[in-house]
Structures are given as structure tokens and as C-alpha cells.
Amino acid sequence: MSLIKIDDFSYIYPGEQTPALLDINMTVDQGEFIVIAGASGSGKSTLGKALAGFLFQDEKPQYTGKILVNGTDLTQVPLFHASRRVAYAQQNPEDQFCTLSVLDEIAFALENTCLQPDEIEQRIDQALAVVKGLNLKDRLLATLSGGEKQKVAIASMLALSPDVLILDEPTSNLDPGATQHVFETLYSLRKQKDLTVIIIEHKLSQLMGLNPKLFVIDKGRIISETRLHEYLPQSDINITEMMLTQKQSYWSNHSLLDVSHLHVNINGREILHEINFNIYPGEFVAIMGPNGSGKSTLLQTLMGFHQPAHGNLLGFNNDLTKAKTSSLVKDIGFIFQNPDHQIFTQSVRDEAILTVKNLNLINDLMHEKVNEYMDEIGLYARLDDHPQRLSFGEKRRLNLIAAILHNPKLLLIDEFLIGQDMRNAHKWMRCLWEYTRDGHTILMVNHHAMLTQAYCDRVIFLDAGSVIVDAPVSSAFTTLEALGYRPFIPHKEEILAYA
Amino acid sequence: MHKLSYQPGASLAHQLYPLTKFAWLIITTIMVFIIQEGYLLMVTAMLGAVLLVLINPQIWHIRGFKLAFLTGMALFFLYLLFEKSGQVLFNPGIELLSITSGGLAMGLRFSGRFITIIFTSYIFILTTDPSDLAYALMRIGLPYRYGFMLVTALRLAPVMEEEGQTIYRAQLARGIRYDQVNLRRILLLVQQFMTPLLISALRRADKLVFSMEGRGFGASPQRTFRKRPSATNLDLLFSLALTLFFAILTFLSRGAI
């Protein structure tokens, strides 16, 4: 008998007209390893939340159909009953932690269900052993790496012994090495505990080796149900063509930025060690490396947010170690990871022109340029809307326009592609690539090897605060593979594996 | 400069049960108002100072300590300068600089009280993991919903601090300047800073509710707790020693009256 059975399920979010899920029928057996894929906004996270019973807690939820897990209809039971059957881990483990230590976090659910202290102790050990995290037992959550936090989040779910574990993009904040490790841990859970694991994900390349069963969702409907190896997505993006497109080289003897012997300490700890590189006009540089290797710190130092302990930073006829951020804004645009942290005004138009206004560059030409750009990115009709009403992807587009409207020579981008599906990711990389064609320079923190290979000119790879490889993309990945950074290099199947 | 927050360690004060420390923080605060003799209060303050140095020899560099200590000292000198009751103990010929027994007693009393309260609070904060205190309070009957208000606030405080920093940097990167300010501009800056922070906080709260309810929080009126350290003989010994100490001070203080 199947463990999960969804019958003709449809769901409409409160206040919406169009259904987020439509006529979903799905059967999953115990111990299966499932991936739900689909573009941003396709409804895959909504399906995950429905399976965990999260959608039925409103006063009058609008849905039809049934969601049966082990015989219990999750549309009919309170959330805490549903949670005994199905555990749901949110995208970012940071968002689900409600205590300060590993022990308290894993004990949390067990204490809520009134287990006795001895049994709680036993279950904590079991859950940590399953995710190979017993060494983390006495740690504080704040001291864990991204991968370790994900392990603790999974262990805190496993402690309740659910039948089903659902993870919503569990690796979106992880580097490829940690991603691989998390997927393997989840796969082994299935074997060890006969647990049914459902992963909502668009990074399919690293799941290729595990060949899970795949459900693809589009506009709220399941459009494909197959094994990952048999899945060939319909695509209008010709990646091979992308890779062959050559760009006119702007490399010259005049570098835009000279970084030499750079050392940066934060709170007494050395984050960057002996960094040396030059950046030339027109380059599209990917900054890559494991989580915590110093990528964000490097970009932030270039923008004047950290004072180097030693070393020289020269650019735009300026000693950047002494320059204030305010004097760099004219030449350098900066896009942060989270769109919500960089939206400050009350309308989309004000947001787009904020930097230009602060630099006293506002004129009629700029207003025209805003209209033109907004039209191009499909936000013209929303110029007077509050920017917080935009969707995640729309906010990201606005961030980009807000950063480049004043035409800075250098654009620093910290992880632009998190939460974007592959189709959008390609679109954005193409757009950034075009921006560099007329001599603009981009330094971008990016985890995606295949996109780096297709669109960037050069890779600077950091590990533990030092530059390990600094080379054109054509040779960088060969060197990285030889050095043992296999998860960070593009894989052949990656070209096919996106949804 | 270090933050004034819990710092893990193995000192005597670290080893005490959070509730023992919490109780003695309150008792000491009451006792310094019962004891009137300035020199006895200074003895208490000295004892606190010794404990503080044992916990953290760098205590001078903890945020706020210097200011609090100097305020205590300033209190002493202000009483010395402006309280002229009682016998004259020292007279350099200038009225303002003369020292009287009343001024000295009042100076010692008020600065002794102030410094003792500051010192004991520092000892408590530096050596007590706030979430341990919250769990200890829940175990003696604080309803767990209120206890977890404290735990989640502690969990989110550093996250919000970091987000505030990111928002500030994102503003600098967009050319927002904090160095040219007038009242209208301050209001705009506050709005531009608080809007993203508030939105982010609300999103976080929403996700946290999901996470907590999804793990059975609030489903039952009662809740159990995992094994945690409880009070030991050390707490008993410490409490006996402090009881004796304050008994002697009270006796000496009464004797003096």
C-alpha cells in the first residue's frame, strides 16, 4: 500500500484567484526518494507545504481533494498531529532554529511531545548519529557552518521519527561540496530508516548520481513523473551556443583594480590572507569557493566595508584602503544577497533612482532611462507600486537596475542566483554578460559552475581565505579538478539537468 | 571593546546554577539598601571586584564597564564636595575642598551601593547563559510560552543585529549618507533603515511560528525538559558563605548604628 496518496487536490491561497495547485494526483511508496522540481513560482513549495499540513491552518482554507499520509487525511488534522507523520524543513535552517544550542534544538520537538528526559537523550543521540553529526552535540548553533546547520535541522526533524521528511531547497545556501554531502546523507536515511524523503529542488545535477523519482510541476500541475535519468526537459535555451559566443576582449595593461598582499581580519580572526589579483575593464569574474572561504568579505572589502590589516587596494585613481564607501558609490555598484535588505523606499520608481538621487545625478535623461529599463524588465506598469509588493524575482530585477542606473564601472554582486530556477538564472547571466560587453566589469560570487563556465571570463577560487586558483574559465576548472575540488567543477549532465 | 554578554568559562561563578545566581543578584541588591555603613558597602564592592577580575581579567575592556565604574567614582566625589554635614576631617582652607564625616559617609554609601549593583550584575551577565536561565525558570514553574519568548528573543537578537549591519552597508553602497543630517533627514533615515529591518523581522517571525508549531509547540499545556545540570553542593556552599557574609555585615551595620 502506498504511504502518500494525493487525490485530485487543488488549492487557492487566501485572497488569490488562480489556484496555486490544480488537480494534483500523486502516489508515493514508503522508503522512496523523491524530488519535486519546477520553475520559480510553479507551485512546488506549495505542494511541499500541503504535504506537511501547513496549508490547512487558516480559518477557511480554499481547497478540494485529499492528502492521505499513512491513512491520515492531513487536511483534517491540527498541525501538530500532521507533524508526527510529516516533518518539513524550511529552505534556510537559520529560519527554523528557535533555540541556541544543538542539544536544545533537537530536544525541542521531543520536549513538546512530553517525552521523558531519558528517552529525549536517547533520541537526540540517534538522530545525530543518522546525520553523522554526533561531534556537533555540544556546540552552539551560531558556531556551526552552513552544512552543519542543515544537518542539525534534519536531525531535529528526524528525532520525532516521522514517516516522511520534506526538505524545501535544503542546499540553496550551501556550496557544491556541502550540497553533495547533504544529498548523500538524505539518501542514506532512506536505507537506514526506511524513511520517505521528498526534496523540493531545482539543482538537479548533483542528484543525478542518486537517480531519484522526479515529479515536475508547472503552473500548479504535475507535468511529468519519471526517473531523473529519463528526464529531458523541454528548453528554449541553447547552452552550447552560449558557450561558443565570444566576447571582444577589453584586457589591456591598464587594470581597473589592483589588489596586492591583502589581509583582512574580522573580530581578531584572519578572514582573507595574502590576496593578490588585478581586474581589467570588461571582465566578468566569478568568485567561487566553499562556504566561509571569504568570498563575501572580499567583495565587501573592495567596497570599503572592512579595513584591511595589511596590503594595498588601488582602483579608480584612489587608494581604496583609505577611501570611504560614499566616495566609491559613483564607480562601484553593489548587490547584496537578500533583496529585502536593500529596498528602502516607498515606490519602485524611487527605489530605482535612489542612488542617482543621492549622487545628485538626477535629470530628465535618468527618468527616461528608468522608464526604458523598467519596460525592459517588465516592471513599467508597477513603477508606482510599493517595492515590497514585488515577487522575489521582481525584487532581484529591481536591485539590479537600482545598482546600475548610474552606470558604475564595476559591479560587485554577492550571490545573485539563490532561489532562481535555471531558466531565470540563464537569463540573468546573459543579461550580466551583455553588461560587460561595453567595458563594464563584474565581480560576482557564484556557486554555479556550469553558468560560470558558460558566461564568465575568469574564476578566482578562494578556500580558507586564500586564492587557490585565479585563471581564465577555460583552464580554471581543470586545475580545480586536479586539486581535488571536484564538486565545484561543471558536470556534463548539468547541461541537461534543469527544470 | 568586548560585548557585555555571556562568555563561556569555568570560573566558580560559571559553575553555579543560574537560579542560585539570579536569587543572589536580587538578595544582594536588597542587602545593599539595608546596609547603611559606607565602608561595609565598599567591602562588598571589593569582593565583587575580586570575583569579576577572576572571571575576566580584561573586565576593563567590556563595553560599558568603564563608564559605570567612573560614574560610581564620580558619585563619591560629588558627595565629598557638596555634602558638608558632620565633623570636618580635613580642611585645606578652601570651603569646597574640605572633607566632612557626613560627606565621606554619604559618598561611600551611595557609590558603594551603585558599584556593588553594577559589579554583581556584570558577574551575573558574564557567567550565566541566558537560555539556561530561561530553562531553569521554566522548570520551577514559569509557563513555557513565556520562557520561550525569552529564548527566541535571545536567538533572534544577534541575527537582527547582523541584519541591521547588512542594511546599513547596503544603504552606504547606494549613496545614502549619514553625515549630513537635519531633523527631516533623520526621520527619513530612520524610515529607510527600519522598513527593511521590520519586514525582515516579520518574515522571520512568520517562519519561526511555522517551525515551532510544526514541531508541536503549544500542542500540550505541559512540556518536559531534557536532562540539564541542576543545583549542586557548590550552590549550597556558596549560598551559605554569602548568607554568613551578609549576616556579619548586617550585624556590623546594626552595631554601628
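What follows is calculated from the coordinates using simple rules that are stated; it is not laboratory data. Because the structure is predicted, anything quoted here is derived from the model rather than measured. Positions of Cβ are backbone-derived with ideal geometry, glycine not excepted, and every protein chain shown enters the neighbour counts.
Miscellaneous remarks
- Across region A:1-86 the C-alpha pair distances fall into 5 Å bins from zero in the proportions 3, 14, 26, 28, 19, 8, 2, 0 percent.
- At q = 0.11, 0.15 Å⁻¹ the log10 of I(q)/I(0) for region A:281-414 amounts to -0.44, -0.79, computed by Debye summation with a single uniform scatterer per C-alpha, solvent ignored.
- Residues of region A:323-349 falling in the label zone of B:ARG177, defined by backbone nitrogen less than 14 Å from a point 7 Å along Cα to beta-carbon, are A:324-330.
- Summing charges over neighbours of A:LEU140, with a neighbour being any other residue whose Cβ is under 14 Å away from its Cβ, gives -3 when K and R count +1 and D and E count -1.
- Kirkwood hydrodynamic radius of region B:163-257, from inverse mean 1/r over distinct Cα pairs, in Å: 19.9 Å
- Among B:HIS14, A:ILE34, A:TYR280 - extreme Cα towards positive end, dipole of the protein assembly as shown, charges at beta-carbon: B:HIS14
- Magnitude of the charge dipole for region B:72-172, about its Cα centre and with charges confined to Cβ atoms of Lys, Arg (+1) and Asp, Glu (-1), is about 240 debye.
- Most to least packed among A:192-198, B:188-194 [average Cβ atoms within 10 Å]: A:192-198, B:188-194
- Two-decimal ratio, region A:4-230, of alpha-carbon radius of gyration to 2.2 N^0.38 Å: 0.99
- In degrees, nearest ten, helix B:144-173 long axis to first principal axis of chain B (Cα): 80 degrees
- Size check on region B:140-213: the Cα extents along the three principal axes, sorted descending, read 52, 22, 16 Å.
- Top positive-direction residue, dipole computed over chain A with Cβ charges, set A:HIS491, A:LEU51, A:LEU204: A:HIS491
- Cross-link pairs exceeding 23 Å in C-alpha to C-alpha distance, out of A:LYS295/A:LYS322; A:LYS324/A:LYS369; B:LYS21/B:LYS207; A:LYS369/A:LYS395, comprise A:LYS324/A:LYS369; B:LYS21/B:LYS207.
- Rh by Kirkwood over Cα pairs, then Stokes-Einstein D for chain B at 0.890 mPa s and 25 °C, µm²/s: 110 µm²/s
- Once the Kirkwood radius over Cα pairs is known for region A:296-337, the Stokes-Einstein relation at 37 °C and 0.692 mPa s delivers a diffusion coefficient of 311 µm²/s.
- Candidates A:LEU144, A:ILE154, A:ALA178 compared by Cα position along the dipole of region A:4-230: farthest toward the positive end lies A:ALA178, with charges placed on Cβ.
- Percentage relative contact order, region B:1-102, counting C-alpha pairs under 8 Å, at least six apart: 23 percent
- Given charges at beta-carbon only (K, R positive; D, E negative), |dipole| of the protein assembly as shown in Debye: 1700 debye
- Distances between every pair of Cα atoms in region A:117-211, grouped in 5 Å steps from 0 to the bin holding the largest one, split as 2, 12, 25, 25, 20, 10, 3, 1, 0 percent.
- Exposed GluC sites (Glu not before Pro) absent - longest run of chain A, DSSP non-H/G/I/E/B, at most 10 other C-beta within 10 Å: A:60-499
- Among A:MET303, B:MET46, sorting on how many other beta-carbon atoms sit within 10 Å of each Cβ, with the fewest leading, yields B:MET46, A:MET303.
- Each helix, a run of at least 4 DSSP H residues, gives -39500 (n - 2.57); summed and divided by the residues of the protein assembly as shown, these come to -14500 deg cm²/dmol at 222 nm.
- Alpha-carbon Rg/Rh ratio, for region B:88-216, with Rh computed the Kirkwood way: 1.23
- Between helix B:18-34 and chain B: long-axis angle, C-alpha atoms, 0 to 90°, nearest 10: 40 degrees
- Per-residue average of Cβ from other chains inside 10 Å of A:370-383: 0
- Summing charges over all other residues whose Cβ lies under 10 Å from the Cβ of A:LYS357, with Lys and Arg as +1 and Asp and Glu as -1, gives 0.
- Once both labels are positioned 7 Å from their Cα atoms along Cα-to-Cβ, the gap between B:VAL190 and A:ASP23 label points is 5.6 nm.
- Other protein chain C-beta atoms within 10 Å of residue C-beta, averaged over A:329-340: 3.
- Chain A - percent relative contact order, Cα under 8 Å, separation 6 or more: 16 percent
- Degrees between helix A:473-482 axis and first principal axis of chain A (Cα, 0 to 90, nearest 10): 50 degrees
- Shape parameters for region A:239-495, alpha-carbon atoms, Rg then Dmax in Å: 18.2, 54
- Hydrodynamic radius by Kirkwood, which averages 1/r over all alpha carbon pairs of the protein assembly as shown, in angstrom: 29.7 Å
- Bridgeable aspartates and glutamates around A:LYS137 (alpha carbons under 19 Å apart, same-chain partners fewer than 8 residues away excluded): A:GLU94, A:ASP104, A:GLU105, A:GLU111, A:ASP118, A:GLU119, A:GLU121, A:ASP125, A:GLU148, B:ASP129, B:ASP132.
- The distance between label points at B:LEU142 and A:SER10 comes to 5.0 nm (points 7 Å beyond Cα on the Cα→Cβ vector).
- B:LYS227 paired with A:ASN407, simple spin-label distance in nm, labels 7 Å along Cα-to-beta-carbon: 7.0 nm
- For A:LYS203, a cut-off of 18 angstrom between C-alpha atoms picks up these aspartates and glutamates, skipping any fewer than 8 places away in its own chain: A:ASP168, A:GLU169, A:ASP175, A:GLU184, A:ASP218, A:GLU225, A:GLU230, A:GLU415, A:ASP421, A:GLU493, A:GLU494.
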